[in-house]
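Working notes, structure below.
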Protein chains: 2
Amino acid sequence: MDDQRDRTDLFSPRFDASGLVTAIVTDADTGVLLMVAHMNAEAIALTQQTGQAHFWSRSRAAMWRKGETSGNGLTMVEMRVDCDQDALLLRVTPAGPACHTGRRSCFYRRVEADGRLAFLDDDAQG
Amino acid sequence: MDDQRDRTDLFSPRFDASGLVTAIVTDADTGVLLMVAHMNAEAIALTQQTGQAHFWSRSRAAMWRKGETSGNGLTMVEMRVDCDQDALLLRVTPAGPACHTGRRSCFYRRVEADGRLAFLDDDAQG
């Protein structure tokens, strides 16, 4: 890593060719991994300005505020960035289930050695 | 989501145009977010076969086993997949610091409102 992004105290996100960084969302209280999404510069700015997590939907090619339809918004507690500044961590307080399936976390299935998925109890998610 | 990837018990990763999925790595004991990387089908297979986390380096366009140079490998405890199967969670036992900077986690800086980054103590990372 030769661009010093890992040593600077300046926030300088390294956006990909689509203008996005990966956003990892965890529950600030429990540390549980809730979901993964993508943010462009505008989503980052809106999240910082409003305190509510905004993302860029690649499938819909649109900005969205998490919870705008479900009501299950994510209130930001803290934003962190990784060493090469191409991934963000959003530590949040979720208003409800983070997953569109109604589960607390999107990571509710374990990959087994035989290529099957095992559904986990809610307590084991994330 | 209309392809039922969120309901199936078949592991069917949704690779992006580059053949990659996002891999989120957490410490299986503490839940701390250690790093984010990318995996292609071969990296997934190698990780499953060897129990050691393998990733695809986008910058070097090469497969790598985490720890092959640093010694700080990641022994997989469990692999999970998210609802739309484009992100994996690897719960691991790290042999040492996960970040190339020597820190436990790559997420050692907090993004402040003024655009600066605050370096966190090791205990607060991830």
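The values are calculated or read from the model by the stated rules, or taken from the named source; none is laboratory data. Remember, it's a predicted structure, so these values are computed and weren't measured experimentally. Cβ: placed from backbone, ideal geometry, glycine included. Neighbour counts: every protein chain shown. Side chains are part of the model used for accessible areas, which takes the heavy atoms of the whole protein and leaves out ligands, DNA and RNA. Shrake-Rupley method; radii C 1.70, N 1.55, O 1.52, S 1.80 Å.
The figures follow:
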| quantity | calculated |
| --- | --- |
| Per residue accessible area in Å² of the range B:1-109, where ligands, DNA and RNA are left out and the probe is 1.4 Å | 43 |
| Occluded residues from the range B:66-101, i.e. those whose accessible area drops by 30 Å² or more once the chain is not alone (1.4 Å probe) | B:E78, B:M79, B:R80, B:V81, B:D82, B:C83, B:L89, B:H100 |
| Of all DSSP beta bridges in chain B, antiparallel share, percent nearest 5 | 80 |
| Cα long-axis angle, helix B:41-50 against chain B (0 to 90 degrees, to the nearest 10) | 80 |
| R0 of 25 Å, Cβ-Cβ distance B:T75-B:A124: FRET efficiency to nearest 0.05 | 0.50 |
| Summed buried accessible surface, chains B and A, 1.4 Å probe, nearest 100 Å² | 3600 |
| Relative contact order, percent, chain A [alpha-carbon distance under 8 Å, six or more residues apart] | 24 |
| Within-12-Å neighbourhood charge of A:W64 [Cβ basis; K, R +1; D, E -1] | +2 |
| Residue of chain B nearest the B-to-A rotation axis [by Cβ], rounded angstrom distance | B:G31, 2 |
| Globularity ratio of the range A:1-53, using Cα Rg and 2.2 N^0.38 Å | 1.31 |
| Fraction of accessible area attributable to carbon and sulfur, chain A (%, probe 1.4 Å) | 45 |
| Distance histogram for the protein assembly as shown (every C-alpha pair counted, 10 angstrom bins, percent rounded to whole numbers) | 7, 33, 39, 19, 2 |
| Rg over Rh, two decimals, chain A (C-alpha only, Kirkwood Rh) | 1.00 |
| Charge context of B:P97, other residues only, Cβ under 12 angstrom, K/R +1, D/E -1 | +1 |
| Computed [θ] at 222 nm, deg cm²/dmol, chain B (DSSP H ≥ 4; -39,500 (n - 2.57); rounded to nearest 500) | -2500 deg cm²/dmol |
